[in-house]
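S.K.: Submitted below is the structure of interest, expressed as structure tokens.
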Amino acid sequence: MEDIVNTLRKSFNTDTTKSYEWRKTQLLAIEKLLDENKEQFVEALKLDLNKPNYETIVYEIGTVKSSINFCLNHLKTYIEPQKVKPIIQARAVYSTYVQYQPFGVCLIIGAWNYPIYLTLTPLIGAISSGNCAILKPSEMAPKIAELLENLFPKYLDTNFIRVVNGGVTETTQLLEQKFDHIFYTGNGTVGRIVMQAAAKHMTPVVLECGGKSPVYIDETADLLVTARRILWAKFTNSGQTCVAPDYVLCTKETQENIIPFLKQILQEFYGGSPKDSNSFARIINERHFDRIIKLIDETKVVVGGISDRNEKYIAPTIMFNVTVDDKVMNEEIFGPVLPFITITDRNEAIKFINSRDKPLALYVFSNKEEVYNDFKNRTSSGSFCYNDLMVQLALECLPFGGVGESGLGRYHGIYSFETFSHQRAILKGGFFADSLSSFRYPPYSDSNISRGLLATSEFKSCSIL
Amino acid sequence: MEVIVNTLRKSFATNLTKSYEWRSAQLLAIEKLLDENQTELLDALKQDLNKPNQESIVLEISLIKNGIVHCLKNLKTWVQPQKVNPIFQARAVYSTYIQYQPLGVCLIIGAWNYPLMLTLVPLVGALASGNCAVVKPSELSPNTAKVLEKLLPKYIDSDFVRVVNGGVPETTKLLEQKFDHIFYTGNGTVGRIVMQAAAKHMTPVVLECGGKSPVYIDETADLLVTAKRLAWGKFANAGQTCIAPDYILCTKETQEKILPFLKQVFEEFYGDSVKKSDSYARIVNERHFDRILNLIDQSKVVVGGESDKSQKFIAPTVMFNVTPEDKVMSEEIFGPVLPFITVNNRQEAIDFINSRDKPLALYVFANDDKIYEDFQNNTTSGSFGYNDVLVQVGFECVPFGGVGESGIGNYHGKFSIDTFSHQRAVLKTSFFGDSLSYFRYPPYSESKTNKAIWASSEFKSCNIL
């Protein structure tokens, strides 16, 4: 591992990665890698997750290509130092800039649920910022991991970008190396391990974790559309999405009113048998299959509950009248099980949400502006959506990251540039008129102090005085 | 300690800190604290460091007030959710915002060399962002620490901001608590300890560290002005400044040429007896006094070299023909000793700088834009000053922070708000026109796949195609 990092660092030190041409070339190379091997990716994801073609093409490949285009469109902005204005007294004397500089060698640890998207999008951010990188795809999606390892050297110079596969042993070895940035997607337990390792070198980190993302459905919500959107978000990738709606909070009445819509939508989505549908994924492995099955309390199931271990298939399942003490509320479900918890009103929902870890996403369905404002102002979460779900990830104008237990740092769009770059302050002065700043030099005096304050102070604007 | 953090967290949960009124009130309260107690503060700094009044006022108090004024001027804008534009395909359907939210309870660990500024400027950032905070001043500047502990509760409700004093045991106990952000100024050894502690809770950190900030003096530089600015930057606070010029790189010729200017400047600054001057600080304690003295090789001293342990006085000292093996090059000097290392040319200087840890600041004196660009493009550092030193810390428009061994993260100006806030993505839509996004819902099909790609992609702008 040390050799790999040293090689990449040597390459970084040649300053090749700083140029616009290099960055653009790598980004286009990744785009080519995706375009020319689309079928192989679709196949690999079928084998790893039984991921439907649509989900692979739109959520894994399409998103990464969008991110490439965004970065290409914005590269020039971040290559040149950005001029900024100092206080008015200083403008004749100093020019000030913020220069975005690459860190060096980045480590990117991917996840298994969106093994292309969550590995390549951070990589695109790292490359756009002029870094070298080691990619560590998740070993739990082995076909994709293998495919990435085979394809990357064909499109990108392995002296600059390297794919390293393996399990806990290899990842531990990697984490012992000194990196200039570590980007991790996964759970909070390993997130802590990553940050501990980073602390040894004071390496900046981004930790994209998860948690239980709550949904609140108000009485004023359009229940058909609500049901359709929630079920879409919940059962995409069989629930194995970090921003999937985890559980629902609503009144007993809403719970009753929505059930016919839920059943109708499930019929629309999967016909009578989701198992036979080619629009429904499978659980990643038997360990997670067993884990999710344990969370299901048969007595509370109103839809679904069927499973088949051979196929790692768990049917879209809905549970009603779930309580806080039920197993399904103990951990992030990360599976196709949607529990409903009934509450008496919006206030109780907000209190409930605030009593738990800050989630990665928070969803509210309502037709009343005051409900929107209430949740916006009185809750916190990585992201907040009103009347839809998951879409925030696809929009490059929005930062994607958690807060508290759901993570540290963010990326996407310009935030990828900010995350993978060091923002260097530049101050440019000249030798002329040094006497203008003579007040700063000893011997100190009261008159020097007064002049010094005049020359260096921010002054209140009229509205503050 | 746990009780203190719980109290602050309860206060934070009341949502009081989120309002513009509360935040501006706290900032104005700190300003009042500084205005009403200036004499006492100047006295404390005199006792801790023999800091001259001009340095206390212009380099500490005024900088804090600048931070306050800058925040007050911009707070109204910064606290509003900022509308951002998504891809054009989404604009009719989704409104997207970035909402700045406070993190909760912040821990701010100050340093002893600028004990007011390095404690209160981060505090201003934390409060402006709507957080509560525990402030831990450095015990190595005990008089200032005591004054802060006495004064802050008189101006800010101690249920929202608490000063905790003490040494290693108290700091360790504090670090065992769960904070929502930890801001540390100090050295890299303790920085690692802080990040390790933060890793237990995945708490975001900013580590403002240091290192040896190099200076390169080119033949084209105006040597008189260079000498003045260098001497000012080096000997302010008797060299105990994290961005002080640590050592000089220049040709043998320049080294010879600048000596008379340095001597002239010392005379202008301090008269014939530095010890009697009231424009010169003292070393903070005997341990650092001994440490710095140990670095001086008398055989290489060309100016200064005198000291007086009873006063913790070390004269402004210049050493010539220093080599990397000399003791003075083995650690950050943090004292009034300025070593010169001769190089053959600019490239050798750049290679030397790049072979060492990334410094907090890098300074270049030259009269040639090519040289400016050479260092701008081929080196990295927290900040880069061309033809002046230290001044960048006074400008709110540029970030202040390190990279690599010199630190993680940054603050000042808007960067303080970015640092002490969570940037939450907000997505807002309604129920109508759900059929517009029919393609996302199962059952999937190829035509839906194509529609989805079109509807959600970023496209390359014309100049990239």
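S.K.: Please specify each residue of region A:433-449 satisfying the condition of being over 48 Å from the mean Cα position of the chain (by Cα), within 21 Å of A:ARG91 (Cβ to Cβ) and either facing chain B (nearest Cβ under 7 Å) or of a type outside the set (Phe, Trp, Tyr) (or both). Before the answer, list the steps.
M.R.: Residues of region A:433-449 that are over 48 Å from the mean Cα position of the chain (by Cα), as a first pass: A:433-436, A:438-439, A:441-449.
Going one step further and asking which of them are within 21 Å of A:ARG91 (Cβ to Cβ), we end up with A:433-436, A:438-439.
Within region A:433-449, A:ALA433, A:ASP434, A:SER435, A:LEU436, A:SER438 qualify.
S.K.: Among the residues of region A:163-173, which ones are more than 22 Å from the chain's Cα centre (by Cα) and touching a residue at least 60 places away in the same chain (Cβ under 8 Å)?
M.R.: Passing the criteria: A:GLU170, A:GLN173.
S.K.: Can you tell me how many residues in region A:389-432 are of a type in the set (A, V, I, L, M), outside any loop (DSSP other than H, G, I, E, B), in contact (Cβ under 8 Å) with a residue 12 or more places away in the chain and facing chain B (nearest Cβ under 7 Å)?
M.R.: 5
S.K.: Could you tell me whether B:ARG356 is at pLDDT 95 or above, open to solvent by 70 Å² or more (accessible area, probe 1.4 Å) and in a loop (DSSP other than H, G, I, E, B)? Let's see the steps before the verdict.
M.R.: Working: at pLDDT 95 or above: yes; open to solvent by 70 Å² or more (accessible area, probe 1.4 Å): yes; in a loop (DSSP other than H, G, I, E, B): yes.
In short, yes.
S.K.: Continuing with the same structure: Given the structure, is A:PHE235 within 14 Å of chain B (Cβ to nearest Cβ) and at pLDDT 95 or above?
M.R.: yes
S.K.: Considering only region A:414-429, I want to know if a residue exists there that is over 37 Å from the mean Cα position of the chain (by Cα) and surrounded by fewer than 17 Cβ atoms within 10 Å (Cβ to Cβ).
M.R.: Within region A:414-429, not a single residue is over 37 Å from the mean Cα position of the chain (by Cα) and surrounded by fewer than 17 Cβ atoms within 10 Å (Cβ to Cβ).
S.K.: Can you tell me how many residues within region B:360-375 are open to solvent by 20 Å² or more (accessible area, probe 1.4 Å) and at the interface with chain A (Cβ under 7 Å from one of its Cβ atoms)? Walk me through how you get there before you give the answer.
M.R.: Pass one, region B:360-375, residues open to solvent by 20 Å² or more (accessible area, probe 1.4 Å): B:367-370, B:373-374.
Among the residues that remain, those that are also at the interface with chain A (Cβ under 7 Å from one of its Cβ atoms) are: B:367.
Here the count works out to 1.
S.K.: While we're here: Can you tell me how many residues within region A:58-80 are surrounded by fewer than 24 Cβ atoms within 10 Å (Cβ to Cβ), facing chain B (nearest Cβ under 7 Å) and touching a Lys or Arg at 6+ places or on another chain (Cβ under 9 Å)?
M.R.: Going through region A:58-80 one residue at a time, the tally reaches 3.
S.K.: Checking the conditions here, which among B:LEU224, B:LEU262 is within 14 Å of chain A (Cβ to nearest Cβ) and open to solvent by 10 Å² or more (accessible area, probe 1.4 Å)?
M.R.: B:LEU224
S.K.: For region B:165-270, which helices (runs of 4 or more DSSP H) that fit wholly inside it have 1 or more residues that are small (Gly, Ala, Ser), touching a residue at least 12 places away in the same chain (Cβ under 8 Å) and not assigned by TED's automatic domain parsing to the domain that holds B:PRO336?
M.R.: Output list reads B:188-199.
S.K.: Within region B:413-458, how many residues turn out to be surrounded by fewer than 16 Cβ atoms within 10 Å (Cβ to Cβ) and either in the same structural domain as B:THR119 (by TED's automatic domain parsing) or under 29 Å from A:HIS74 (Cα atoms) (or both)?
M.R.: Number satisfying all stated conditions: 2.
S.K.: Shifting gears a bit: I'd like to verify a number: residues in region B:151-171 that are within 13 Å of B:MET1 (Cα to Cα) and open to solvent by 70 Å² or more (accessible area, probe 1.4 Å), how many?
M.R.: 1
S.K.: Right, another one. With respect to B:ILE108, determine if the residue is in the same structural domain as B:SER416 (by TED's automatic domain parsing), outside any helix (DSSP H, G or I) and in contact with a helix residue (DSSP H, G or I) (Cβ under 6 Å, 6 or more places away or on another chain).
M.R.: Taking the combined requirement at face value, the residue satisfies it.
S.K.: Something else: Which one of these is within 7 Å of another protein chain (Cβ to nearest Cβ), surrounded by fewer than 19 Cβ atoms within 10 Å (Cβ to Cβ), among the charged types (D, E, K, R) and free of Cβ contacts under 8 Å to residues at least 24 places away in the same chain: B:LYS73, B:LYS83?
M.R.: B:LYS73
S.K.: If we scan region A:273-285, do we find a residue that is part of a loop (DSSP other than H, G, I, E, B), within 14 Å of chain B (Cβ to nearest Cβ), in contact (Cβ under 8 Å) with a residue 24 or more places away in the chain and open to solvent by 10 Å² or more (accessible area, probe 1.4 Å)?
M.R.: Yes - at least one qualifying residue is present in region A:273-285.
S.K.: Inside region A:301-313, can you point out the residues that are assigned to a loop (DSSP other than H, G, I, E, B) and in contact with a Lys or Arg (Cβ under 9 Å, 6 or more places away or on another chain)?
M.R.: A:ILE306, A:LYS312
To keep it simple, each residue is scored yes or no on (1) in a loop (DSSP other than H, G, I, E, B); (2) closer than 21 Å to B:PHE431 by Cα; (3) free of Cβ contacts under 8 Å to residues at least 24 places away in the same chain.
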residue	(1), (2), (3)
A:THR203	yes, no, no
A:VAL206	no, no, no
A:THR241	yes, no, no
A:ASP290	no, no, yes
A:THR299	no, no, yes
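S.K.: Looking for something closer than 26 Å to B:PHE352 by Cβ, touching a helix residue (DSSP H, G or I) at 6+ places or on another chain (Cβ under 6 Å) and buried (at least 17 other Cβ atoms within 10 Å of the Cβ) - is there at least one such residue anywhere in region B:286-294?
M.R.: no
S.K.: Oh, and also: Report, by residue number, each residue of region B:124-182 that is among the polar types (S, T, N, Q) and out of contact with any Cys (no Cβ under 8 Å at 6 or more places or on another chain).
M.R.: Scanning region B:124-182 gives B:SER129, B:SER138, B:SER141, B:ASN143, B:THR144, B:SER158, B:ASN165, B:THR171, B:THR172, B:GLN177.
The values are calculated or read from the model by the stated rules, or taken from the named source; none is laboratory data. As the structure is a prediction and not an experimental result, all values here were calculated from the model. All Cβ positions, even for glycine, are placed from backbone atoms using ideal geometry, and neighbour counts span all protein chains on display. Side chains are part of the model used for accessible areas, which takes the heavy atoms of the whole protein and leaves out ligands, DNA and RNA. Shrake-Rupley method; radii C 1.70, N 1.55, O 1.52, S 1.80 Å.
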